[in-house]
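Student: What follows is a structure written as structure tokens; I'll ask about it next.
Please treat every number below as a calculation from the coordinates, not as lab data. Not measured: the values here are computed from a predicted model. Here Cβ is always computed from backbone atoms with ideal geometry, including for glycine, and neighbour counts include all displayed protein chains.
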Amino acid sequence: MPRTRNALTLVAAAALAAPLVLAPPAAAADGAPPTVTPLTFTVRAGDRTCTVDADLYRPAGVDAAHPAPAVLTTNGFGGSKADGSTAATGRAFAARGYVALVYSGLGFGKSGCLISLDDPRIDGHAATRLLDFLGGTRAADDGTRVDYVLRDGAGDPRAGMIGGSYGGAIQLATASVDPRLDALVPLITWHDLAYSLAPNSADRDTPGVFKWQWANGFYLIGEGQPLLVPSLDPSRINSLDCLHFVGEACRTVRLLNSGRYPEADTRAMLDFARSVSPVSYLDRVTAPTLVVQGQSDSLFNLNEARDTYRQLRGQGVPAKLIWQSWGHSGGLTDPAAGELDLGQGNLETSYVGQRILAWFDRYLKKQRNTDTGPAFAYYRDWRSGYGTAASLPALSQKLYLSGDGKLVDNRAKVARGARTYANWLVPTSHSESSLAGTIGLLDPKPYDLPGTYLGWTSAPLTAPADLVGAPRATLRVNSPAAERVQRSGDAADKLVLFAKVYDVAPDGTKTLVNRLVAPVRVPDVTRPFTVELPGIVHRYETGHRLQFVIAASDSAYFGNRGVKPVTVTSAPEDTGTLELPLVGGSIG
């Protein structure tokens with residue numbers, strides 16, 4: 001059964017690896033299917049009162065004398081409780097003895113209220129009312145109560161959450177306002193929406209480069225809800241100016257689309273985007289969290305999951321991290337044999353599924369001897385299974401940008417020289433058409449037009465090199481045209497460029513790894529700046545070369561205002577660098 005083909009719905013995929021030793025599943029009595037009861041809950045969410053539409057999955061044999069832990073899950077953006085993967089998640093956990101409560105997020109399906117981007121004060125607060133129901137202190141609208149969910153105290157249900165994308169961030173938002181949650185498994189979700197939708201890979205405090213395809217895709221799906229859903233609940237209508245989102249979300253998209261970023265307006269935009277992001281509230285999350293992110297994901301890249309993981313670990317929360325193969329950029333191809341597909345419920349037979357079951361065994365069933373796996377695991381497409389590590393790989397090799405276009409492993413090898421590129425008024429580089437794979441369209445291969453980019457290329461590798469993590473570049477550029485206007489008071493006047501790494505095969509074929517780029521709005525072109533590229537997991541094979549590129553534009557993003565030529569100068573005593581997190585081999 002194919003997974004739901006929705007633009008922003010959960011795509012969870014992972015390949016085979018050595019299995020964990022798990023406790024036998026607590027299957028429903030005699031293999032009988034669970035009972036499924038449709039329920040509604042009237043909740044107060046922000047300044048509105050609305051209905052949440054849900055389905056309760058009760059395993060056979062679970063009753064007050066034989067209670068079970070609960071699993072709460074909801075949909076990805078644009079979906080509902082009826083989505084293939086969302087409903088199948090409820091069935092899968094009910095089949096393993098969990099009480100499952102599956103609901104449509106606020107503003108989606110038949111649930112009311114506005115889309116508020118998983119705001120803890122709104123979406124998170126609404127989810128706490130569902131926890132009240134599972135804890136036995138609140139009834140559904142029809143009077144239904146439950147007394148068969150395990151409790152850790154009066155009104156405190158033994159409950160976890162799982163879900164992806166929009167259904168991933170809601171877990172962290174809920175946990176930040178309700179400490180009753182016992183375990184979280186957020187998949188392919190965001191850490192900082194300001195970085196997700198308008199990333200600046202050099203400075204998170206300078207407004208970034210608008211990711212217009214993804215952001216407008218979100219916006220159109222959300223604003224289209226009143227037209228797509230019959231008998232629309234009035235609580236889902238905002239105004240003709242902003243149909244279905246909270247006002248701050250509409251204003252944010254309009255500002256980004258305007259291409260003008262005055263300081264006061266952009267500060268308000270950044271503040272709002274972060275207020276609905278884990279970056280602003282993660283310090284209040286205490287629930288053990290298994291963070292899963294997809295390598296093929298230009299919407300929420302691996303750096304976002306890494307940042308969530310690091311922050312949780314830093315504040316003492318039990319957390320582990322998996323970088324699976326697929327994310328939002330996976331297209332329409334169904335998961336390959338052996339990969340996790342929540343639409344199929346193949347939890348026991350996939351590596352990520354086994355890790356999820358172990359996580360819930362440990363923290364919901366309280367099986368304290370359960371092995372929850374390594375701290376960090378990453379899918380390797382060049383080898384069956386996952387690599388594992390006790391921590392995230394560190395930057396381990398530094399390369400230097402030579403004036404002759406070479407990428408060298410020793411500063412003494414740097415040739416003196418200067419090279420220049422210039423942008424056009426239209427994009428001249430292409431990484432991806434962000435929604436192409438999701439809606440079934442072919443996407444042209446990545447390209448850069450001559451004269452609009454600079455590249456530095458390593459020597460052919462004499463042995464394979466494995467890169468796991470986020471490369472980091474330190475650059476100095478010269479752009480008098482950008483320098484003249486960069487203090488205009490409008491951040492849109494600052495220089496924009498895009499950094500990326502290619503794999504160049506012996507025949508010259510170039511591969512942009514997972515089509516990922518690092519957009520940069522340079523804070524000050526008179527100073528050096530550091531760029532963090534998106535995390536990747538990639539093997540550079542023997543004979544291949546690594547190429548580091550900075551380009552003037554990218555078709556998936558807004559670009560420079562006006563033409564701003566850029567010169568990069570190199571000398572042994574002063575040149576740019578590229579640092580790589582290698583776990584095997586070397587480049588050079």
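Student: For the range 397-584, build the charge dipole from Cβ charges (+1 Lys, Arg; -1 Asp, Glu) around the Cα centre, then report which of 425, 562, 533 sits farthest towards its positive end.
Tutor: Checked the options; the winner is 562.
Student: Based on Cα positions only, what radius of gyration and what Dmax would you give for the chain, in angstroms?
Tutor: Calculated on Cα positions, Rg and Dmax stand at 24.4, 79 Å.
Student: Do any cysteines in the chain lack another Cys Cβ under 4.7 Å, and if so which?
Tutor: Cysteines of the chain left without a disulfide-compatible partner: none whatsoever.
Student: Could you state the angle between the C-alpha long axis of helix 302-314 and the longest principal axis of the C-alpha atoms of the chain, as a value from 0 to 90 degrees rounded to the nearest 10?
Tutor: 60 degrees
Student: Relative to the Cα centre, what is the charge dipole magnitude of the range 397-584, using +1 at the beta carbon of each Lys and Arg, -1 at the beta carbon of each Asp and Glu, and rounding to the nearest 20 debye?
Tutor: Approximately 380 debye in magnitude.
Student: Further question: Report the gain in length on full extension from residue 349 to residue 65: 0.36 nm times residue separation, minus Cα-Cα distance, nm rounded to one decimal.
Tutor: Between residue 349 and residue 65, full extension yields 99.1 nm more.
Student: Then there is this: Tilt of helix 166-177 relative to the longest C-alpha principal axis of the chain, in degrees (0 to 90, nearest 10)?
Tutor: 70 degrees
Student: Amide H to amide H under 5 Å from residue 149: which residues, 5+ apart in sequence or cross-chain, H placed 1.01 Å off N in plane?
Tutor: Counting only residues 5 or more places away or on other chains, the set is 68.
Student: Also, I was wondering about something else. Output the antiparallel fraction of DSSP beta bridges having both residues in the chain, as a percent to the nearest 5.
Tutor: 70 percent
Student: Another question, then. Determine the sum of side-chain charges near residue 163: Lys and Arg each +1, Asp and Glu each -1, restricted to other residues whose C-beta is under 13 angstrom from that of residue 163.
Tutor: -2
Student: For residue 476 and residue 410, what is the calculated FRET efficiency with R₀ set at 22 Å and r taken between the beta-carbons, to the nearest 0.05?
Tutor: 0.65
Student: Moving to a separate point now. Rounded to the nearest 500, what is the 222 nm mean residue ellipticity of the chain from helices alone, with -39500 (n - 2.57) per DSSP H run of 4+ residues and division by all residues?
Tutor: The helix-only estimate for the chain comes to -5500 deg cm²/dmol at 222 nm.
Student: Starting from the 7 Å offset along Cα-to-Cβ, what nm value, one decimal, do you get for the label separation of residue 398 and residue 267?
Tutor: Distance between label points: 3.6 nm.
Student: Kindly identify the range 397-584 as rounded, prolate or oblate by the Cα gyration tensor criterion: order the square roots of the eigenvalues as a ≥ b ≥ c, call it rounded if a/c is under 1.5, otherwise compare a/b with b/c, prolate if a/b is larger, else oblate.
Tutor: oblate
Student: List the chymotrypsin sites (Phe, Trp or Tyr not before Pro) within the range 334-418 that fall in a DSSP loop (any state other than H, G, I, E or B) and whose Cβ has at most 13 other Cβ atoms within 10 Å.
Tutor: Answer by residue number: 382.
Student: Measure off 7 Å from each Cα along the Cα-to-Cβ vector at residue 315 and residue 137, then give the distance between these two points in nanometres to one decimal.
Tutor: Result for the modelled spin labels: 2.2 nm.
Student: Let me ask something else about it. Going by alpha carbons, how many degrees (0 to 90, nearest 10) lie between the helix axis of 125-134 and the longest principal axis of the chain?
Tutor: Once rounded, the angle reads 40 degrees.
Student: With r as the distance between the Cβ atoms of residue 240 and residue 280 and R0 = 30 Å, compute the FRET efficiency 1/(1 + (r/R0)^6) and round to 0.05.
Tutor: After rounding to 0.05, the efficiency reads 0.50.
Student: Roughly speaking, what is the stretch gain from residue 154 to residue 42, that is 0.36 nm per residue apart minus the C-alpha to C-alpha distance, in nm to one decimal?
Tutor: 38.1 nm
Student: Now, a different point. Please state the relative contact order of the chain as a whole percent: Cα pairs under 8 Å, 6+ residues apart?
Tutor: So the answer I get is 16 percent.
Student: Let me ask something else. Place a +1 charge on the Cβ of each Lys and Arg in the chain and a -1 charge on the Cβ of each Asp and Glu, then give the dipole magnitude about the Cα centre in debye, rounded to the nearest 20.
Tutor: Roughly 860 debye for the chain.
Student: Using packing as a proxy for protection, rank 523-531, 280-288, 187-195 so that the peptide with the highest average count of other Cβ atoms within 10 Å comes first.
Tutor: 187-195, 280-288, 523-531
Student: Please compute the modelled spin-label separation between residue 121 and residue 505, points set 7 Å along Cα→Cβ, answer in nm with one decimal.
Tutor: Inter-label distance under the simple model: 5.3 nm.
Student: Here's a follow-up. What net charge do the residues around residue 185 carry, taking every other residue with its C-beta under 13 Å from that of residue 185, with Lys and Arg at +1 and Asp and Glu at -1?
Tutor: Result for the local shell: +1.
Student: Could I ask something else about it? Where in the range 395-430 does the amide nitrogen come within less than 12 Å of the point 7 Å from the Cα of residue 567, taken along Cα to Cβ?
Tutor: The answer is 417-421.
Student: Could you point to the residue in 519, 33, 255 farthest towards the positive end of the chain's charge dipole, with +1 and -1 charges on the Cβ of Lys/Arg and Asp/Glu respectively?
Tutor: Of the candidates, 519 comes out farthest on the positive side.
Student: From the residues 292, 207, 279, which one has its Cα farthest along the dipole of the range 201-329 in the positive direction, the dipole being from +1 and -1 charges on Cβ of Lys/Arg and Asp/Glu about the Cα centre?
Tutor: Of the listed residues, the answer is 292.
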